[in-house]
Amino acid sequence: MTRAKRITGLPTIWRIGSALPNGPHVASVPGALAPLLPLDLPEKLRGAARERVAERQLVEQLSMPPGGFEMRPFLPKGAKLWTKVLVVDAGLAGAWRKGLRPGCLALGPDFLLLPTAPGLWTIEVQGETVIARLGPEDGFAAEPDLALALLGQASPPKGVLRMGGAQADLDALLAGLSVPVLTDPAALKKAGFTPMRWTDALGGLDLKDPPSALYDRLRTKVKRWRVAVICAVLALSIWAGTLALEMQKSKAGATQDSEIMLALVRDHFVPNGPVLDVRAQVNAALQAAAVPDAPEVKALPPITQFQIAAPVLSDDSLRLLTAAYRADTGLVISVEAVDFAALDQVTEDLRAAGFVVDQLDSRAQQSGGVVARLRLELAQ
């Protein structure tokens, strides 16, 4: 039975060194040469700092220089932090990558390519090697004696998927677990197990690319973006310079326009005094200019005005006492009337003749009659 038939939805699994595959495939390498090792890492460490601490721990445990091995963090689906790493000799990993063929989708250890589900052990015997997947979080490939020791230390599963050749001691251990032992992957769902997709089962591991591939891709992206950023900065600088120049020109033009406008206001609207509010002062000047100037009328001589008033002043009920003209008071006459009614009638007659009459004072005489002083001004 081939691995492609046993794992539903998984591309052909090709063990490096065997016959060349056809079409898309996943390359498999011996898990004994790529063990999954646990590490004691602080929970607060994240990212590159966590990888550096893990690398230092491996250097101490393996007594190898940092460049002598490749370390790949293993993060099971649903986990927030990785606590295990896949360790491979650097030279061996490079040789595996050189042996890959076109169509290779991924490269991983054989135990991580076994079907897996929570609570399920998947055990396969290939020759003198036991390949075990102890649920989504763990797995190994080892000789039968070591495999039995490792399985004896693991937490018991809810079920076992047993594949490959027979192995008496191993089968006896599995039978003693008192859990269902299945031999057909197709029966997993019926037994209550949902196999994970092979991409999730790998836990983010893929030996197909060297560890530096991610940084190389980032470096390439940075270089590609660097050119774009430099061009953008240059374009922004040119635009900012052009904008500053245009603003200077606009400011200079605004200053020149302001000076021209102020000169026009001085010449035509506000010749004297400060220009505080151009709009208001110009509007006031325009409104003043819109009112037509009254024609200048030359006043008649005082003697002429007196001659015009004479017919009114010659009434029988009135006697003219004095008539005088001064520049500050104008034409002032003193008259004597029979009574106040006659004085009022004379005033009305003068006004009817076109005079503006201002009665300065008036009084009654003991001997009878009324005396008044009137200021006369011929209306223009």
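FYI, it's all coordinate maths here, none of it is from the lab. Values in this document were obtained by computation on a predicted structure and should not be read as measured data. No Cβ is skipped: glycine too gets one built from the backbone with ideal geometry, and neighbour counts run over all protein chains shown.
Condition test on Arg375, is it outside any loop (DSSP other than H, G, I, E, B) and exposed (fewer than 11 other Cβ atoms within 10 Å of the Cβ)?
On the way: outside any loop (DSSP other than H, G, I, E, B): yes; exposed (fewer than 11 other Cβ atoms within 10 Å of the Cβ): no.
It is false that Arg375 is outside any loop (DSSP other than H, G, I, E, B) and exposed (fewer than 11 other Cβ atoms within 10 Å of the Cβ).
For segment 66-102, what are the residues that are in contact with a helix residue (DSSP H, G or I) (Cβ under 7 Å, 6 or more places away or on another chain) and free of Cβ contacts under 8 Å to residues at least 12 places away in the same chain? Selection gives Pro66 alone. Whenever a residue of segment 312-326 is free of Cβ contacts under 8 Å to residues at least 24 places away in the same chain, its partners that are among the small types (Gly, Ala, Ser) and assigned to a strand (DSSP E or B), lying with C-beta atoms within less than 9 angstrom and at least six residues away or across chains, give the pairs Arg319/Ala337; Leu320/Ser334; Thr322/Ser334; Ala323/Ser334; Ala324/Ser334. Just to be sure before I move on: is Lys80 among the charged types (D, E, K, R) and surrounded by 14 or more Cβ atoms within 10 Å (Cβ to Cβ) in the structure I sent? So Lys80 does not fit the description; no.
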